[in-house]
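Accompanying notes for the structure given below.
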């Protein structure tokens, strides 16, 4: 997927470049304009993650390929922190809420006795046995474990 197609897809989902920039500022990912923009980082990480393996070097190369700006893997490393995670959570939250009908959300707020929604994804990973005791995982076979990943959405 090319960057322009990615941007158009996000725009159709209600996340324009301006909205993504505002989310980046709110979460602290972007404090001032530099070579790496929030949309460049989002695009590069999504494209590289869909390939299965992600490295700072790969993300930097993808940013250069997509936007023409040459960035170092150290610059990417500086950006990938807790504010980057908050940015991704906020973008995902915005995408989900843009997909849901606003009248349905209003009905849920009034009639629903639950105040949060939990989304779970059970990802199969290879984990050394010495780490098995530190993580809450379920054994599938001696080589693979299932690690549950949760995301909580509050209904306001």
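The values are calculated or read from the model by the stated rules, or taken from the named source; none is laboratory data. These figures come from a predicted structure and were not determined experimentally. Heads up, the Cβs are rebuilt from the backbone with ideal geometry, glycines too, and the neighbour counts pull from every protein chain shown.
Things to note:
Residues are listed down the side, and each one gets a yes or a no for (1) at pLDDT 90 or above; (2) within 16 Å of the chain's Cα centre (by Cα):
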residue	(1), (2)
49	no, yes
67	no, no
71	no, no
74	yes, no
92	no, yes
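- Scan of the range 66-116 for residues that are outside any helix (DSSP H, G or I) and either free of Cβ contacts under 8 Å to residues at least 24 places away in the same chain or assigned by TED's automatic domain parsing to the domain that holds residue 14 (or both), ordered by number: 68, 69, 70, 71, 72, 80, 81, 100, 101, 113
- Selection status of residue 15, at pLDDT 85 or above, outside any helix (DSSP H, G or I) and within 27 Å of residue 101 (Cβ to Cβ): yes
- Of all residues in the range 98-114, those being modelled with pLDDT of 80 or more and either under 14 Å from residue 23 (Cβ atoms) or in contact with a helix residue (DSSP H, G or I) (Cβ under 8 Å, 6 or more places away or on another chain) (or both) number 1.
- Of the criteria (1) surrounded by 10 or more Cβ atoms within 10 Å (Cβ to Cβ); (2) outside any strand (DSSP E or B); (3) at pLDDT below 75, which one residue 122 fails: (2)
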